[in-house]
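Have a look at the structure below before the remarks.
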Amino acid sequence: MASMESRSGQRMRGGSRGRTRSTIKSCAWACKSAYSTCLSTRSSPSLRRNISRQEQQEDNWASDQFVPETLNFTVPAYSHVDTTDWEWHRYYDQYINDEILLTIVENTNRTHILETGKSLGLTLKELKIYLGITMIMSALQYPQIDMYWSPKWKLPAISMAMNRNRFYFIRKRLKCVYDPDVTVEQKKEKTWKIKPLFQCILKGCHMQERPKDLCIDEMIIPFSGKCPMRQYCPNKPNPVGLKVFVLAFPQGVVCDMVIYQGDTTFPDLKNQGFGLGESAILYLTRTLVPGHSLFFDRYFTSVKLCDELVKLGFHGTGTIMKNRIPRDCVLKEERSFKKEQRGSTEVKIREDGKLAVTMWLDNKPVLMMSSCFSNDKVDECERWSKKDKRYEKVRRREVIKIYNQNMGGVDLMDRMLSVCPSRNRTKKWTIRVISHLFDLCVVNAWLQYRREATQNLTLVKNIMQLRQYKLELGTKLITDNENQSDEETDRVYEELEPKHKKRKVLIKPIPTLECRVQKAAHLPK
């Protein structure tokens, strides 16, 4: 009896399990058919007529007439400085002045006294010498810092200007703020430790005269140590570091930027419902007058952003992700579009004629959204054909051409910063950010110098390249300040000098020309 009951129970459980499986299959089939019906409804124009009234109220993207907002852009009265007939080194003084350097000197000395009870003895002239040394080091790129002071390989311009231990000591102790003076409210901003320097450089960036076309993109300050703002951005040359949103010329000059600090970066815009990319674009337009055309990549682009920019008086153009295209904007399937001829284009314009989406076939489909460019003009460009092993003519829309011309400004700045960067190993994110900001000032100054020299029809061979410009600038900072050191600084030198029982007497090289013609410092005692 017990065996028969157990068998009957097993049959009953098996039957219920079979019914459960069949129910799951039927539900899965129903979901699959509903999903396919939804896809066919989105793709088929005939079935889209049966959409509910709420969905029918969405914008229609079948219009052929593109009527963008007309924005009159006249050269605005930005508070810029006339740089005509400037010497090559004056461009750097726009960003770094004696006021901010004195702030760094004062806060560094006060912090050292607070921690050790002794004076560091740092002066303005010595800080300028330190900056000049770092510029020369970044341009020459010795594998180790100690080599600049080694008996065999040392560089006289550096070894005679500052002691090695003193250089390390200053580098370790640099401070932009005095911590006890910072309030709890100010410390909520994660960049408070470098804020004075950042604001000073930002002030110099805001003084630049700006063209109509500007680009916005991300920049990474490389740093892999402990930092509250460290980010990981894949597909970047330096994926780990601090993220900075940058507004720049197409020629690479930075005119505004903001460091990403997490949720506290754009609190007001976030409360209005804007995403991170949208908030970054809208924040960087705060110093612009209406009429500019802004270019950005697909990380930022959305319909909501383009509409908001038009309300503020700006045009926006950028690549866009496929999942951000409105539901009513039905484009060809990517698989079938790839089979068409290279250079094929499909354009969808919103019903009000103010926004256009363009799909262009290059090696793969490219999606663009713009509030000022559509399918008006067409030209040809050269593209390499892997199949035919030659360049071929490809038709392209105006939006593709203008976007490629104006979008690479931040990438150009990144490339120039990587030529001779000051990236010595450090565990302090503040030291890395400070050195990166000084590098950015040098690159900005060099780009302005090169532009002015080109406009003045200077021969290309007479225009200094970036590495040479940085070397000359560092040498000038050293020679202008090394013969005017203070007694207090000299006393600190003697305290930090390592004491050896026997020291070899080394022959000092002849002073440089700048040193020999300055005062009477070259005469024997």
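Largest accessible area first, the residues SER374, SER435 order themselves as SER435, SER374 under a 1.4 Å probe with ligands, DNA and RNA left out. Taking a point 7 Å out from the Cα of ARG286 in the direction of its Cβ, the residues of region 302-342 whose backbone N falls within less than 20 Å of it are 305-306, 308-315. One Cα centroid belongs to region 229-306, the other to region 161-193; the line between them spans 27 Å. Extension gain, GLU351-ASN404: 0.36 nm per intervening residue step, less the Cα-Cα distance, totals 16.4 nm. Is any residue of region 339-362 close enough, with backbone N under 11 Å, to a label point placed 7 angstrom from the Cα of VAL67 along the Cα-Cβ axis, and if so, which? Inside the label zone: 352-354.
Using a probe of 1.4 Å, the accessible surface attributed to ARG396 totals some 40 Å² when neighbouring protein chains are kept in position. When GLU209, GLU392, GLU380, GLU126 are compared by accessible surface with a 1.4 Å probe, the order from highest to lowest is GLU380, GLU209, GLU392, GLU126. ARG286 contributes an accessible area of around 100 Å² to the protein surface, as traced by a 1.4 Å probe with all chains present. Between THR116 and SER336, the simple spin-label model (points 7 angstrom out along Cα→Cβ) gives 7.5 nm.
Largest first, the residues PHE73, PHE198, PHE245 sort by 1.4 Å accessible area into PHE73, PHE198, PHE245. Taken along the Cα-to-beta-carbon direction at a fixed 7 Å, the label points for ASP379 and GLN199 span 4.5 nm.
Counting only protein heavy atoms and using a 1.4 Å probe, the accessible area of LEU513 comes to about 110 Å². Extension gain, LYS428 to LYS393, is 7.4 nm, computed as 0.36 nm per intervening residue step minus the present C-alpha separation.
The length gained on full extension between MET160 and GLN186, counted as 0.36 nm times the residue separation minus their Cα-Cα distance, comes to 5.2 nm. Which residues does the label zone of ASP307 cover in region 327-357, counting backbone N under 20 Å from a point 7 Å along Cα→Cβ? Within reach of a label on ASP307: 327-331, 348-357. A crude spin-label estimate for the pair TRP86 and ASN363, with each label 7 Å from Cα along the Cβ direction, gives 3.9 nm. Here the peptides 212-220, 454-462, 344-352, 99-107 are ranked by packing, the mean other Cβ count within 10 Å, and the order with the highest first is 212-220, 344-352, 99-107, 454-462.
The values are calculated or read from the model by the stated rules, or taken from the named source; none is laboratory data. Source: prediction; values computed, not measured. Here Cβ is always computed from backbone atoms with ideal geometry, including for glycine, and neighbour counts include all displayed protein chains. Surface accessibility is based on the protein's heavy atoms, side chains included, excluding ligands, DNA and RNA. Shrake-Rupley method; radii C 1.70, N 1.55, O 1.52, S 1.80 Å.
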